[in-house]
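Undergrad: Before anything else, here's the structure in question.
What follows is calculated from the coordinates using simple rules that are stated; it is not laboratory data. Please read these numbers as outputs of a predicted model, since none were measured by experiment. Neighbour counts are summed over all protein chains in view; Cβ atoms, including those assigned to glycine, are modelled from backbone coordinates with ideal geometry.
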Amino acid sequence: MLEGLPIAGYRPQSEERVSLVNENKQLEERCLRALDYMMKTGIGDPRWTAVARTQLEQGFMAMNRAIFQPSRVALPSDGTTPKSAVG
């Protein structure tokens, strides 16, 4: 296990999960560069290119959250720790 991010709700992750997220980041970068090329060269409708960028970023973020599975966090005003929606 690799140490978790120093962010509330993130836990230690296996090397396999970290590797998979790093692969996803490379795939995302390739897609974003294709969109950059489209915008730079004027190929395609800029509105739809912007929609594609937003949805790709959201999709990759969702994939990586699915892998890392961050949990809910307690707030000082709660007095209790929230239970995860998963279990």
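Undergrad: When 43, 7, 67 are ordered from fewest to most other Cβ atoms inside 10 Å of their Cβ, what list results?
TA: By the 10 Å Cβ count, ascending: 7, 43, 67.
Undergrad: If you take the beta carbon distance between residue 27 and residue 7 as r and set R0 to 25 Å, what does 1/(1 + (r/R0)^6) give as a FRET efficiency, to the nearest 0.05?
TA: Computed FRET efficiency for residue 27 and residue 7: 0.60.
Undergrad: Does region 26-67 classify as rounded, prolate or oblate by the C-alpha gyration tensor (a ≥ b ≥ c root eigenvalues; a/c under 1.5 gives rounded; else a/b over b/c gives prolate, otherwise oblate)?
TA: Cα axes put region 26-67 in the oblate bin.
Undergrad: Can you sort 19, 77 from fewest to most other Cβ atoms within 10 Å of each residue's own Cβ?
TA: 77, 19
Undergrad: Just to be sure I understand the model, the point goes 7 Å from the Cα along the line to the Cβ. What's the resulting residue 18 to residue 65 distance in nm?
TA: About 2.3 nm, to one decimal.
Undergrad: Among 74, 62, 50, which one moves the most in a GNM of the chain with springs linking Cα atoms closer than 10 Å?
TA: It is 74.
Undergrad: Relative to the Cα centre, what is the charge dipole magnitude of the chain, using +1 at the beta carbon of each Lys and Arg, -1 at the beta carbon of each Asp and Glu, and rounding to the nearest 20 debye?
TA: Dipole size: approximately 200 debye.
Undergrad: Write down the radius of gyration of the chain and its Dmax, each obtained from C-alpha positions, in Å.
TA: So, for the chain, Rg and Dmax equal 17.5, 55 Å respectively.
Undergrad: R0 = 41 Å: FRET efficiency of residue 36 with residue 75, Cβ-based, nearest 0.05? The partial results should precede the final answer.
TA: Details: r = 39 Å, r/R0 = 0.95.
According to the calculation, E is roughly 0.60.
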